[in-house]
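The values are calculated or read from the model by the stated rules, or taken from the named source; none is laboratory data. Fair warning: this is a prediction, and the values are worked out from it, not measured in the lab. Virtual Cβ from ideal backbone geometry, glycine too; neighbours counted across all protein chains shown.
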Amino acid sequence: MTAKVFSACTLDDLANFRNGKGLSNEEYTPYGKFPVFGANGQIARTDRLLNPEPVVVIGRVGAYCGSVHRISEPSWVSDNAIVVTPKKGMDLGFLYYRLVSLDLRRTAIGSAQPLMTQGGLKVINTIVPSLPEQRAIAHILGNLDDKIELNRRMNETLEAMARAIFKSWFVDFDPVRVKAEGKKPSGMNADTAKLFPDSFEDSPLGKIPKGWKVKSLPEIANYLNGLALQKYPPDNNGDALPVIKIAQLRAGKADGNGFASTSIPAEYIVDDGDILFSWSGSLMVTIWCGGRGALNQHLFKVTSESYPKWFYYFWTLHHLTDFQFIAAGKATTMGHIQRHHLEEAKTLVPPDKLLEKMDTTFSPLLEKVVLNNIQTKILSSLRDTLLPKLLSGEIRVKI
């Protein structure tokens, strides 16, 4: 049977509000029993306990004023956030999504340094369904968020595994060292192991595995700089590509903040799974999964006709710290690297047969990361579409 209509109320009718509490420096411990949450999520750990029960946290001050987080474990919340707990007849999960759906920041005091107050929150008008429907709504949205979080954690594990293997094989040369001792390398199949050499030879980089070659980054991949896309406005027919700039790269999605013509050369069109590298400002390398778009200047699209994606992705990542150091030393407002820095960044290339065997280890890991990210994008879009419709009563759930 369909639930009763939503009832009008204020947030004060739904929740209890209290400010978090500060901790002294001595009370922060790296391996504390409980997480410490601030205005923008977890910031530390401590052995002190403030909230034994699950709570919702609202950022109280500064840039994260009005941000909403749910904490499902015993925790401490700092004094730059507000702790929210449900009143009788309210489901915590629904309360979280209700707060997410509201523009809480508009109630903040001040503009330069906005401050969220309990009084400003309590008077916000909203609507609420019956408790059974609250739980049903929270269950639907919660399942989507749980899958999104599971994908995020899975990708963290997959990328950590791939980076660890890359470091072992290409930086520490563990399989070569093991074979040089007359032992069998572990963690790989026999066909791959037998293709690793059992000795080293001299190179401009020092001792490297015998038979491997030293090449620069541009010798293994093409670093295509983006276009000044203001020169390529959308076509008159209404078709357009969202512009991918550094801000979109950092956010992980093409947010529609600027559009370009669909008639730009094909090589400047970005698709899910492409490797992007911002070479100025916030230097970062990522596997893009934020949707089709147009490559703006200050971004490289990295491709290769000769080497697999994982190979040039991890070698670019390997040099990223050095590139960031170079950019930070620029006497300009926007630090950057230049082409010659790419030329100076060296890689090690194994023989073709070994590289092919390595590919059977690395490519499935990166392919799974991309698939997870694309699924997450779809799930996030579905959640963002459903959330306002469920919370407004436009879409009702049967209970």
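Here are the numbers for the structure shown:
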{"item": "Residue, surrounded by the fewest Cβ atoms within 10 Å (Cβ to Cβ), within the range 242-264, restricted to residues that are part of a loop (DSSP other than H, G, I, E, B) and among the hydrophobic types (A, V, I, L, M, F, W, C)", "result": "I264"}
{"item": "Considering residues of the range 121-143 that are in contact with a Ser or Thr (Cβ under 8 Å, 6 or more places away or on another chain) and aliphatic (A, V, I, L, M) only, the residue farthest from T385 (Cα to Cα)", "result": "V123"}
{"item": "Count of residues meeting criterion [closer than 16 Å to K353 by Cβ and of a type in the set (S, T, Y)] in the range 182-210", "result": "1"}
{"item": "Single match in I275, I246, I264 (criterion: closer than 22 Å to E367 by Cα, hydrophobic (A, V, I, L, M, F, W, C) and in the same structural domain as Q338 (by TED's automatic domain parsing))", "result": "I275"}
{"item": "Considering residues of the range 331-343 that are surrounded by fewer than 15 Cβ atoms within 10 Å (Cβ to Cβ) and either touching a Leu at 6+ places or on another chain (Cβ under 9 Å) or of a type in the set (K, R) (or both) only, the residue modelled with the lowest pLDDT", "result": "R339"}
{"item": "Total residues in the range 260-275, condition hydrophobic (A, V, I, L, M, F, W, C) and in contact with a helix residue (DSSP H, G or I) (Cβ under 6 Å, 6 or more places away or on another chain)", "result": "2"}
{"item": "Search result, residues across the range 381-399 that are at pLDDT 95 or above and surrounded by 15 or more Cβ atoms within 10 Å (Cβ to Cβ)", "result": "R383, L386, L387, L390, L391"}
{"item": "L99 among the aliphatic types (A, V, I, L, M), touching an Asp or Glu at 6+ places or on another chain (Cβ under 9 Å), surrounded by 21 or more Cβ atoms within 10 Å (Cβ to Cβ) and more than 13 Å from G20 (Cα to Cα)", "result": "no"}
{"item": "Entirely in the range 1-100, the strands (runs of 3 or more DSSP E) that have 1 or more residues that are over 29 Å from the mean Cα position of the chain (by Cα) and farther than 30 Å from I395 by Cα", "result": "15-19"}
{"item": "Unmet criterion (only one of (1) under 27 Å from R383 (Cα atoms); (2) in contact with a strand residue (DSSP E or B) (Cβ under 9 Å, 6 or more places away or on another chain); (3) small (G, A, S)) for A63", "result": "(2)"}
{"item": "Answer residue from the range 150-209, given it is of a type in the set (S, T, Y) and in contact with a helix residue (DSSP H, G or I) (Cβ under 7 Å, 6 or more places away or on another chain) and is nearest to S380 (Cα to Cα) among those", "result": "S168"}
